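One structure below.
The values are calculated or read from the model by the stated rules, or taken from the named source; none is laboratory data. Everything numeric in this text was worked out from a predicted model, so none of it was measured. Don't worry about glycine lacking a Cβ; one is built from the backbone with ideal geometry, like all the others, and counts go over all protein chains shown.
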Amino acid sequence: MTTRPGIDVAVIMRKVAQRNQWQPFRWELAEVLQHEQAFGTEPQRLRQSETEERWLYPGFRVELFRDDAEGYYLNYTTDKPGWFVLWRMEEEPTIADEPLARPAMVSLSYHDAGRWLDAQEHCEQVPAPPEVVAWMRAFAEEHYVPEPRKRQRPESFKRLEDRFGNPASVSTGKKYGGGGNG
């Protein structure tokens, strides 16, 4: 069995007070940190004030997959390479008085983030530290092989087909109707 390169991380979610009548607060991704033993294994409230609350969620493993090297390449070649975190609201409160925003997955792949967004999930990005970007870059450069570009045939050389896929032809001569000049 081969082992994949990976890193253990923790996610910090932030609840921010808003000054409007429809939604008193909003949740957002605050940070992704390398996991430390002191974080433990259970979610915990780090800070609570009138304007903000922060929750730490330890215990996420981010692994790099060879078949997703293009997703890592697309990430590290952007202006701001980063972590992607999929999070969901709890249906029922579990460890607090009200439902919390809970991270579900963490990735460095643009492809993962795209799939999550296509599925209309909450997905946010925060910057990754330079050492993580360098690690991801080294992996992608070792495993990513760009697909060779295929030459596209000009439209003028393509066979004409009707809307049913049958061969069609174009004629410049008049086929039907009267045709006299006088």
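Data overview
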item	result
Evaluation of Pro99 against (1) free of Cβ contacts under 8 Å to residues at least 40 places away in the same chain; (2) in contact with a Ser or Thr (Cβ under 8 Å, 6 or more places away or on another chain) (one fails), failing number	(2)
Within region 41-105, strands (runs of 3 or more DSSP E) holding 2 or more residues that are under 24 Å from Trp116 (Cα atoms) and out of contact with any helix residue (DSSP H, G or I) (no Cβ under 7 Å at 6 or more places or on another chain)	52-63, 82-89
Members of region 35-59 found to be surrounded by 13 or more Cβ atoms within 10 Å (Cβ to Cβ) and under 30 Å from Glu142 (Cα atoms), listed by number	His35, Pro58, Gly59
Region 33-87, subset of a type in the set (Val, Ile, Thr) and touching a strand residue (DSSP E or B) at 6+ places or on another chain (Cβ under 9 Å), residue nearest to Gln18 (Cα to Cα)	Thr51
Hits in region 94-117 - residues which are touching a Phe, Trp or Tyr at 6+ places or on another chain (Cβ under 9 Å), over 24 Å from His143 (Cβ atoms) and among the charged types (D, E, K, R)	Arg102
Scan of region 125-146 for residues that are out of contact with any Phe, Trp or Tyr (no Cβ under 7 Å at 6 or more places or on another chain) and under 20 Å from Arg14 (Cβ atoms), ordered by number	Pro127, Pro129
Residue in region 166-176 that is within 23 Å of Asp8 (Cα to Cα), in contact with a Leu (Cβ under 6 Å, 6 or more places away or on another chain) and outside any strand (DSSP E or B) present	no
Residue satisfying condition, being at pLDDT below 95, assigned to a helix (DSSP H, G or I) and closer than 29 Å to Arg4 by Cα, within set Ala38, Ala113	Ala38
Looking only at region 60-116, and only at residues there that are under 17 Å from the mean Cα position of the chain (by Cα) and among the acidic types (Asp, Glu), the one that is surrounded by the fewest Cβ atoms within 10 Å (Cβ to Cβ)	Asp79
